[in-house]
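Throughout, read-outs are computed from the coordinates displayed, never taken from laboratory work. Computed from a predicted structure; not experimentally measured. Here Cβ is always computed from backbone atoms with ideal geometry, including for glycine, and neighbour counts include all displayed protein chains.
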Amino acid sequence: MHKPLVSVVMVVCNVDRFLAASIESILTQTFREFEFIVVDFGSTDTSKPIVSSYMAKDSRMKVHEIPHCSLAEARNAACSLAEGQYIAIMDADDVSLPNRLRWQVSFMEKEPDVGLLGGAVEWIDGTGRPLHVQFHPAEDDEIRAALPNGYPFCHPSLIMRRDTFLRAGGYRPAFTQAEDYDLAIRMSEQCKCSNLKQVVLKYRIHPYQDSMRKVGQQALAMLAAQVSAVSRKNRLPDPFDSIKVITPEALAALGVTKARQKGQIATYSMQWVRNMCMAGEYSVALREALKVLRSDLDCIEGWRVADLRLLVAGLYWKQGRFVRSCLTLVRALASRPITMGRPIKPLLRRLQHLNHQRVALRGKDNEDFSHLMHV
């Protein structure tokens, strides 16, 4: 039987609210030579019937069920079934653009040294409303420079060479919530990496995202991936070859201070809050922001705390809780007076723009009056 060039892999667990749109975005790709592997790892909602209904219509879909497990284990199970030369990742709440696979396969065929390829993504909210476009570094040297401090890809936009994925060892379950980051670092040690400048995916921001709900675990796993990479770079044994669960204690034993851990968790939590604000999920954002403010803030820079309080003040105002909003604003300004400049700057820019418009209109009126005088 002819093997497909691409294996698209998707793991599914209780994502029925967005699943149909995600599946359709793959089945309607302009590039057709692929198999579509869907692995359900413990859904209890209507995800299974939705997948089955599409499988009955398209023979390219191959559906498997496994017991509930971690996300990394589910991804490994899906990738182990892939027969294509390339593995394309797809998440069950996102939407691939119609030409995504065509663009990515074309690039990989022309660049044999590239083993990992992503692309730009458009963020959307739960209803599909566009939020903004996120571009990632395109060149291998830019990506390598970014990897030690963050993840310069959007995981569901990735396509990778199957042999390089296997050589790198696949996803490591200990790094669940940052298994994509850990994998990218290890694959970058095996091959070149790149990102397309075209938007290839609509990346959905919503309160039900697994990474959003487990932001603390994700922050610790990101730190662990960085420690792991430094050990390999220094030709030392990878400590996470033997450590199976990432805990604050395990990281502390490897030299990652509790202060750094708390700071990382707070930073990721605040980014999550801002993402929820961008998606219009203000109640969720406020609840999570208050959790951060009630936590240990000693390890967080003062300007970050002040900015978060300023954000909370705005969220209270949106709810009509004006007294609470003003009190929170006063506290933000008391802790860092320079914060006052942040909301004022956009206002000053707006006033300056209006003044320029007024001057321009006055100039046009003078020209019109001068013209009439000469008629």
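If you take the square roots of the eigenvalues of the alpha-carbon gyration tensor of region 120-218 and sort them as a ≥ b ≥ c, do you get rounded (a/c under 1.5), prolate (a/b over b/c) or oblate? Oblate, because a/c is 1.5 or more while a/b does not exceed b/c. The phi torsions of region 134-148, fed into the Karplus equation with coefficients 6.51, -1.76 and 1.60 and a -60° offset, translate into couplings of 10, 9, 10, x, 8, 8, 4, 5, 5, 5, 4, 5, 7, 4, x Hz, rounded to whole numbers, with Gly and Pro shown as x.
Working note: Karplus 6.51/-1.76/1.60 with θ = phi - 60° gives region 10-18 the couplings 9, 10, 9, 7, 6, 10, 4, 5, 10 Hz, where Gly and Pro are set to x. Put simply, the amide H of F31, placed in the peptide plane, has neighbours under 5 Å in L101, R102, leaving out anything fewer than 5 places away on its chain. As a rough footprinting exposure proxy, the listed residues M270, M276 were ranked by other beta carbons within 10 Å of their own, and the order from fewest upward is M270, M276. Could you state the angle between the C-alpha long axis of helix 341-374 and the longest principal axis of the C-alpha atoms of the chain, as a value from 0 to 90 degrees rounded to the nearest 10? In the chain, helix 341-374 runs at an angle near 60 degrees to the longest axis. For region 51-113, trypsin sites (Lys or Arg not before Pro) are listed when DSSP marks them as loop and at most 10 other Cβ atoms sit within 10 Å of their Cβ; the list is K57.
A value for Rg and Dmax of the Cα atoms in Å was derived from the coordinates, and within the list (1) 20.8, 64; (2) 19.6, 60; (3) 24.5, 90 it appears as (3). Taking the helices alone, the chain has a mean residue ellipticity at 222 nm of -16500 deg cm²/dmol, built from -39,500 (n - 2.57) per DSSP H run of at least 4 residues and averaged over all its residues.
The spacing between region 266-289 and region 160-225, judged by their C-alpha centroids, is 22 Å.
Considering only GluC sites (Glu not before Pro) in DSSP loops that have at most 16 other Cβ atoms within 10 Å, the longest stretch of the chain without any of them is 190-300.
Taking a ≥ b ≥ c as the square roots of the Cα gyration tensor eigenvalues, region 93-167 comes out oblate, since a/c reaches at least 1.5 and a/b does not exceed b/c. The simple spin-label model puts a point 7 Å past each Cα toward its Cβ; for S283 and R232 those points are separated by 4.4 nm.
R0 = 22 Å: FRET efficiency of H64 with R102, Cβ-based, nearest 0.05? After rounding to 0.05, the efficiency reads 0.25. Remark: region 164-179, residue by residue, has Karplus-estimated 3J(HN,Hα) of 5, 4, 5, 5, 6, x, x, 6, 9, x, 4, 9, 3, 5, 9, 5 Hz, where x stands for each Gly or Pro and the curve is 6.51 cos²θ - 1.76 cosθ + 1.60 at θ = phi - 60°.
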